[in-house]
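This report refers to the structure that appears directly beneath it.
The values are calculated or read from the model by the stated rules, or taken from the named source; none is laboratory data. None of the values given here were measured: they were computed from a predicted structure. Cβ atoms come from the backbone with ideal geometry, glycine included; neighbour counts cover every protein chain shown. The accessibility values were calculated without ligands, DNA or RNA, using every heavy atom of the protein model including side chains. Shrake-Rupley method; radii C 1.70, N 1.55, O 1.52, S 1.80 Å.
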Amino acid sequence: MFRRTLAFAALLALISTAAIAAPPRDSAEIELALKKLTVVGSALYVGAHPDDENTAMIAWLSRDRLVRTAYLSMTRGDGGQNLIGDEKGELLGVIRTQELLAARRVDGSEQFFTRAIDFGYSKGPQETLSIWGHDTILADVVWVIRKFQPDVIVTRFPTTGEGGHGHHTASAILAGEAFTAAADPTKFPEQLKYVAPWQARRLYWNHFGRSFQQPKPDDPEFANDIEIDLGAYNELLGRAYTEIAADSRSMHKSQGFGAAERRGSVVNYFKLIAGQPAKGDLFEGIDLTWGRYPGGEAIGKILQQAYDTFDEKHPDKTILPLLDALEGLDRIGATPAWAPNVNPWIEEKRNEILDVVRACAGLAIDVSAGDSSVVAGGAIPMTVTVVNRSDYPFVLSTVATLYANPGKAPGAKLANNVPVKTEISIKLPSDYAISQPYWLVQPPAKGTYRVDDQRLIGLPENPPSIPLYVTLTDPHMHTLIFTVPAVYRWTDAVRGEQTRRVDVVPDVTANVEQKVYLFPDTKPKSVAVTLHNFDGTTPATARLILPNGWSSEPASEPVKFDAKNSDMRATFTVTPPAAESNGEVRAEVQLADGRKISKSITNIDYPHIPAQRVFGDASAKLLRMNVKKLGTRVGYIMGAGDDVPDALRQIGYDVTVLTDADLVHGDFSHYDAIVTGVRAYNARPAMKEAHAKLMKYVENGGTLVVQYNSTSPQPLLIDPPGPYPFKVTSARVTVEEAPVKFTNPSSPLLTTPNKITQADFEGWVQERGLYFLDNVDPKYQTVFEMHDPNEPERTGSEIYTRYGKGMYIYTALDWFRELPAGVPGAYRLFANLVSAR
């Protein structure tokens, strides 16, 4: 029976993982949380990307109207750029997922996603829905609505295209279709195993700012619009919702969206798109009390009493009525939480009540694992310390997991401020899944992630890999089960106590040192593999799996790890075939027991989000192609972060990454070329002082290659970042197969030292380029013309000019994607840029 109870609790943890709002920590937050317990309304805000949400609106819904609030983002932002590191694609999606969760912890809300991939800028919803798969993503939006059961849905964008980005418009279209489809039992009936049909009462569009049409009192088109002042002040919290919103939005650090706090009135307008009209309130006519559910009135009265009698000096006096309400929830919520027609408020309010009980009791449940990782089949010790900082007579009944049988049963009274420590050892099954973000477990389709488990779809992140269950009882026969993740704790000398969840990991990981290995001739190259051991000193053998025609020396290499969490390096000499050939190299580790592992690891660690481990294939691309170059030494000015320096080294250049001190005081004359990284003129303040020096370098005979910059969210430090005028625009070519016309076939950028052909533009990924130029001074020459379907010709993807004795080149082609992706033609093209004289 006890193990069945734990299995039930584990499934509830899986279903309700989207609830990530931080529990209350002080008297003001406790009082607000108590009031929120009496409210059972809900609102879902819908956008396309991380950072699309109106954080002031979300904060107002959650902390003023006190309704359960969530943001549904169609994508995880994996197609954008990264201003804080070099992660791109799915790794950037992991970062932005965690940034959204951090934002929701600030504004007190929840987070959902669909399986849609952010494939980069899209110029229309038709393209977006075609790549995403209309029915697939519509099903996900319907699923979230049925699961969350919002009374009101609000879209960030209109369906009419004013949002610009095709993803934006598509998100509004899908929200409108799902508003109706979620209530239709014939739509996506496979979901009804877990959820029931749901009809939200109203669908609104949250009008944009002053740059878009605003409601007019005398215009019948806006007769049903609602006006809300999101700059309202919350006296209890001592902050306006716009101030809270600034903290929330500033979590989008990889996007560079740090926001200033706003004070004063900030009026927003909400246009009714579908559903019942309302005159002055989004929730007009919607019962937000417990009376809307059978058996709920009695619970509502208890919770109202708990709020009315709350004493901030003695919060523990509120615990007993809360536990009585919890008992009432158990009575009316006997139906399993995954069954049709379930009331989602049962589990939601149970979690909220447990959070408030913990706050009122000053209850701390601290888990301290022996390590931050454990392998499948391995064991890991845990220490669970429970401290009750109140006089409420709690008893620690059990500390247990599904993987420690039997669970510990201390039966200790939790006296005020007296820690009770329990030791427990966890032994995982040998087939236990590693802690990979669930949407990355399978290879994605072009526009969607593949997720087989319906219950995972929509969740922002995985449920805890190793959940623990701490059970408390009291003399009144109340039983409380707290679910907490296994956590590793350590102390950093600067940042203080740090924590991260315990991950289940492979025994060994193997990271090939480079993402791409370019062989410009038949000479062998060294390929290094970094091996990390998560499980003891077991001997192993490393080898490279190569395509036909390629060879390595040695064929395999034995490795012996000194200890757990130690690293080894295996080095192989790889010889390519004589003919041009492209393929993949894969590192494989064979353990002493015969198991073969081919997994790489990426550690993502930034101060504003929890540390993440992401596992991938232990592979790299092999390119055997004839690439010529001129010059030897290249100075690289890193901007927002990219992998282009590694690509230049593969071509054969000696690359020096220049520091700010180098920019200001260094000597550029010994570099054959200098290359600025993506957004260097946005992200590197030192460029403002260095620009004149760079222009002098070109004038004296140097070659300067400037990669793309933008004008927002960060302005150009130097405008224009060139010797003659041009304008950086938002124009781009998003179709990676868009035809490319050579506007000047005799240009040295197309002929020297490599002859460029149309074949060099085959196999590009995501897009051709972005932030193209316009109003280009006649002193520049263009190189290419390209455009998306049904759009005008664009010649601003790449320009160059001779300035003094040297060469200045500005390129808006997306080398930061193409070179790490191993696109062969990109290497020939970029080698010509750096070789230009």
So how many residues does the range 468-482 have that are surrounded by 20 or more Cβ atoms within 10 Å (Cβ to Cβ) and more than 15 Å from Arg358 (Cα to Cα)?
1
For the range 33-69 the number of residues that are touching a Pro at 6+ places or on another chain (Cβ under 7 Å) and within 20 Å of Arg350 (Cα to Cα) is 3
Pairs, please: C-beta under 6 Å, at least 6 apart or cross-chain, first residue open to solvent by 40 Å² or more (accessible area, probe 1.4 Å) and in the range 291-304, second of a type in the set (Ser, Thr, Tyr)?
Gln304/Thr38
Being of a type in the set (A, V, I, L, M) and either open to solvent by less than 50 Å² (accessible area, probe 1.4 Å) or closer than 30 Å to Val678 by Cβ (or both) is the filter here; which residues of the range 243-272 pass it?
Ile244, Ala245, Ala246, Met251, Ala259, Ala260, Val266, Leu272
If Gln126 satisfies every condition in (1) open to solvent by 10 Å² or more (accessible area, probe 1.4 Å); (2) over 30 Å from Gly231 (Cα atoms); (3) touching a residue at least 60 places away in the same chain (Cβ under 8 Å); (4) part of a helix (DSSP H, G or I) but one, which is the exception?
(3)
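If you check Gly280, Gly291, Gly231, Gly264, which single one turns out to be in contact with a Ser or Thr (Cβ under 7 Å, 6 or more places away or on another chain) and either among the small types (Gly, Ala, Ser) or not in a loop (DSSP other than H, G, I, E, B) (or both)? First the steps, then the outcome.
Numbers: Gly280 fails: in contact with a Ser or Thr (Cβ under 7 Å, 6 or more places away or on another chain); Gly291 fails: in contact with a Ser or Thr (Cβ under 7 Å, 6 or more places away or on another chain); Gly264 fails: in contact with a Ser or Thr (Cβ under 7 Å, 6 or more places away or on another chain).
Unique residue meeting the criteria: Gly231.
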Residue count, the range 49-65, condition open to solvent by 10 Å² or more (accessible area, probe 1.4 Å) and either over 25 Å from Leu37 (Cβ atoms) or of a type in the set (D, E, K, R) (or both), comes to 7
Of all residues in the range 729-755, which are among the hydrophobic types (A, V, I, L, M, F, W, C), in a loop (DSSP other than H, G, I, E, B) and either open to solvent by less than 30 Å² (accessible area, probe 1.4 Å) or closer than 27 Å to Pro520 by Cα (or both)?
Ala731, Ala738
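For the range 555-584, which positions are over 24 Å from Gly370 (Cβ atoms), open to solvent by 30 Å² or more (accessible area, probe 1.4 Å) and part of a strand (DSSP E or B)?
Within the range 555-584, Ser556, Glu557, Pro558, Arg569, Thr571, Thr573, Thr575, Ser581, Asn582, Glu584 meet the criteria.
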Look at the range 801-821 and say how many of its residues are open to solvent by less than 10 Å² (accessible area, probe 1.4 Å) and either under 37 Å from the mean Cα position of the chain (by Cα) or without any contact (Cβ under 8 Å) to a residue 12 or more places away in the chain (or both).
11
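Of these, Arg25, Arg68, Arg3, Arg115, which one is touching a strand residue (DSSP E or B) at 6+ places or on another chain (Cβ under 9 Å), at pLDDT below 95, open to solvent by 20 Å² or more (accessible area, probe 1.4 Å) and basic (Lys, Arg)? If you could, list the steps in order and put the result at the bottom.
Numbers: Arg25 fails: touching a strand residue (DSSP E or B) at 6+ places or on another chain (Cβ under 9 Å); Arg68 fails: at pLDDT below 95; Arg115 fails: at pLDDT below 95.
Among Arg25, Arg68, Arg3, Arg115, only Arg3 is touching a strand residue (DSSP E or B) at 6+ places or on another chain (Cβ under 9 Å), at pLDDT below 95, open to solvent by 20 Å² or more (accessible area, probe 1.4 Å) and basic (Lys, Arg).
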Scan (1) outside any loop (DSSP other than H, G, I, E, B); (2) under 22 Å from Trp290 (Cβ atoms); (3) open to solvent by less than 50 Å² (accessible area, probe 1.4 Å) for the single condition Tyr307 breaks and write down its number.
(3)
Return only the number of the condition from (1) crowded, with 24+ Cβ neighbours inside 10 Å; (2) part of a helix (DSSP H, G or I) that Pro150 does not satisfy.
(2)
In this structure, does Ala409 turn out to be open to solvent by 70 Å² or more (accessible area, probe 1.4 Å) and either over 30 Å from Leu91 (Cα atoms) or in contact with a Cys (Cβ under 9 Å, 6 or more places away or on another chain) (or both)?
yes
Cβ-Cβ under 7 Å pairs, at least 6 apart or on other chains, the range 741-763 side more than 12 Å from Ala831 (Cβ to Cβ), far side among the charged types (D, E, K, R):
Lys741/Glu785; Thr743/Glu785
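Using the structure shown, decide if Thr186 is in a loop (DSSP other than H, G, I, E, B), at pLDDT 95 or above, open to solvent by 70 Å² or more (accessible area, probe 1.4 Å) and hydroxyl-bearing (Ser, Thr, Tyr). Talk me through it step by step, then tell me what you get.
Details: in a loop (DSSP other than H, G, I, E, B): yes; at pLDDT 95 or above: yes; open to solvent by 70 Å² or more (accessible area, probe 1.4 Å): yes; hydroxyl-bearing (Ser, Thr, Tyr): yes.
Yes, satisfied.
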Which of the residues belonging to the range 604-630 are under 29 Å from Gly666 (Cα atoms) and surrounded by fewer than 17 Cβ atoms within 10 Å (Cβ to Cβ)?
Lys628, Leu630
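Look at Leu282 and say whether it is farther than 23 Å from His478 by Cβ and touching a Leu at 6+ places or on another chain (Cβ under 9 Å). I'd like the intermediate steps shown before the answer.
Details: farther than 23 Å from His478 by Cβ: yes; touching a Leu at 6+ places or on another chain (Cβ under 9 Å): yes.
Yes; evaluated as a whole, the condition is true for this residue.
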Residues satisfying the stated conditions in the range 368-377, i.e. surrounded by fewer than 20 Cβ atoms within 10 Å (Cβ to Cβ) and not in a strand (DSSP E or B)
Gly370, Asp371, Ala376, Gly377
Pick out, from the range 505-546, the strands (runs of 3 or more DSSP E) lying fully within it that include 1 or more residues that are open to solvent by 40 Å² or more (accessible area, probe 1.4 Å) and in contact with a His (Cβ under 6 Å, 6 or more places away or on another chain).
none
Matching residues in the range 160-180 - criterion: being modelled with pLDDT of 95 or more and open to solvent by 10 Å² or more (accessible area, probe 1.4 Å):
His168, Ile173, Gly176, Glu177, Phe179, Thr180
Within the range 631-649, of all residues that are crowded, with 22+ Cβ neighbours inside 10 Å and in a strand (DSSP E or B), the one nearest to the chain's Cα centre (by Cα) is Ile637
Scan of the range 652-703 for residues that are surrounded by fewer than 23 Cβ atoms within 10 Å (Cβ to Cβ) and of a type in the set (Lys, Arg), ordered by number:
Arg684, Lys688, Lys693, Lys696
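Do we have Gly275 as of a type in the set (Gly, Ala, Ser) and over 19 Å from Ile58 (Cβ atoms) here? Break it down into steps so the answer makes sense when it comes.
Numbers: of a type in the set (Gly, Ala, Ser): yes; over 19 Å from Ile58 (Cβ atoms): yes.
Yes; evaluated as a whole, the condition is true for this residue.
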